1. Can you say whether Arg164 is in the same structural domain as Gln18 (by TED's automatic domain parsing) and closer than 26 Å to Asn25 by Cα, as far as the supplied structure shows?
2. Of the conditions (1) aromatic (Phe, Trp, Tyr); (2) in contact with a strand residue (DSSP E or B) (Cβ under 8 Å, 6 or more places away or on another chain); (3) free of Cβ contacts under 8 Å to residues at least 40 places away in the same chain, Phe113 satisfies every one except a single condition; which number is it?
3. State whether the residues of segment 126-133 include one that is under 17 Å from the mean Cα position of the chain (by Cα), modelled with pLDDT under 95 and not charged (D, E, K, R).
4. Suppose the filter is of a type outside the set (Phe, Trp, Tyr), under 27 Å from Asn114 (Cβ atoms), in contact with a helix residue (DSSP H, G or I) (Cβ under 8 Å, 6 or more places away or on another chain) and surrounded by fewer than 15 Cβ atoms within 10 Å (Cβ to Cβ); does Val27 pass it?
5. Please verify whether segment 66-84 includes one or more residues that are more than 21 Å from Ser179 (Cβ to Cβ), surrounded by 19 or more Cβ atoms within 10 Å (Cβ to Cβ) and not aromatic (Phe, Trp, Tyr).
6. Over 17 Å from the mean Cα position of the chain (by Cα) and either of a type in the set (S, T, N, Q) or closer than 21 Å to Val124 by Cα (or both): is that true of Thr158 in this structure?
Amino acid sequence: MMVSVVVITYAHEKFIRQTVESVLNQVCNFPVEIIVSNDSSPDQTDEVMSQVIKNNRKGHKIKYTRQRNNLGMMNNFIWAIKQAQGKYIALCEGDDYWTDPYKLQKQIDFLEFNLSYSMCFHSVRVINSEKKYTDHFCVPQKTTLLTRDLILKHYIPTCSLVFRRDYLPVFFPKWFSKSIVGDIPLEIILSIKGKTKYLDESMAVYRKHSSGITSNSKHQLRAHWGLVLLYKNLCFYLRGKYWYLFIFMCFKNFGSLMKNYLKKILVK
């Protein structure tokens, strides 16, 4: 197996068909498996997935699992990624989708011929809850990124990432399952193994929901505190490497935390 596409989903009944079909529509000269893990969604995701598997001519590529109990986003992600058998892993959450049918081929071709890179990603358009397209996800100023670049700024949309499976940690640290987000620590851990390539092509769409931690003001305090803990844990996990950057990010998010907290008090 060359590529495992990992899709985690929860309450994505309205979006999961488009997500999975955008993966099935990929044109590749290598085998692909699609691992879909439904975290016990309280909706009709099961029925939608059953229809896709039955009616799509490539439906046999899908390995679909409905978790008996809700694991939580991070534990569901860890479970799903451990099922992957491919040399490479591509990610696409259950409410995002790919727009370029040659996306996987382009990314795998690059990684196959550039062994010093641990992963690659590309430009992604953002669509909000009103179905209006906004600017592209944060675009870097250079095409090769190092660990320090990924610590200081989050450039990589989850639905654009492809990486070498062998570079995953054998065991995820305990704090990973309680992290506020999973993409940032995963990308930083992978970046230690090699460089990161940015492909300047728009090949996917990221949905930004009003309930997300990055877009809902009610969640901002929790989000910034979670990021403080995240960068602290990464600093210890990497045994002090880049400690000055992690401390800077801790102070940066703590400052944002206090600013939002004071704003909340003054509004009251």
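The values are calculated or read from the model by the stated rules, or taken from the named source; none is laboratory data. Bear in mind the structure is a predicted one, so any value in this text is a computation, not a measurement. Ideal geometry is used to build each Cβ from the backbone, glycine not excepted, and the neighbour counts take in all protein chains shown.
1. So Arg164 fits the description; yes.
2. Tallying (1) aromatic (Phe, Trp, Tyr); (2) in contact with a strand residue (DSSP E or B) (Cβ under 8 Å, 6 or more places away or on another chain); (3) free of Cβ contacts under 8 Å to residues at least 40 places away in the same chain, Phe113 fails exactly one: (2).
3. Taking every residue of segment 126-133 in turn, at least one turns out to be under 17 Å from the mean Cα position of the chain (by Cα), modelled with pLDDT under 95 and not charged (D, E, K, R).
4. Judged against the criteria, Val27 is a match.
5. Going residue by residue through segment 66-84, those that are more than 21 Å from Ser179 (Cβ to Cβ) are 66, 68.
Still in the list and also surrounded by 19 or more Cβ atoms within 10 Å (Cβ to Cβ): none.
No; the residues of segment 66-84 include none that is more than 21 Å from Ser179 (Cβ to Cβ), surrounded by 19 or more Cβ atoms within 10 Å (Cβ to Cβ) and not aromatic (Phe, Trp, Tyr).
6. no
Conditions (1) closer than 18 Å to Ile16 by Cβ; (2) more than 18 Å from the chain's Cα centre (by Cα), marked per residue:
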position	(1), (2)
Asn69	no, yes
Phe77	yes, no
Trp98	yes, no
Ile108	no, no
His122	no, no
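Here's the yes/no breakdown for (1) touching a Leu at 6+ places or on another chain (Cβ under 7 Å); (2) closer than 18 Å to Tyr117 by Cβ; (3) exposed (fewer than 14 other Cβ atoms within 10 Å of the Cβ); (4) modelled with pLDDT of 95 or more:
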| site | (1), (2), (3), (4) |
| --- | --- |
| Val139 | no, no, yes, no |
| Leu145 | no, yes, no, yes |
| Leu150 | no, yes, no, yes |
| Asp166 | no, yes, yes, yes |
| Phe171 | no, no, yes, no |
| Pro185 | yes, no, no, yes |
| Gly194 | no, yes, no, yes |
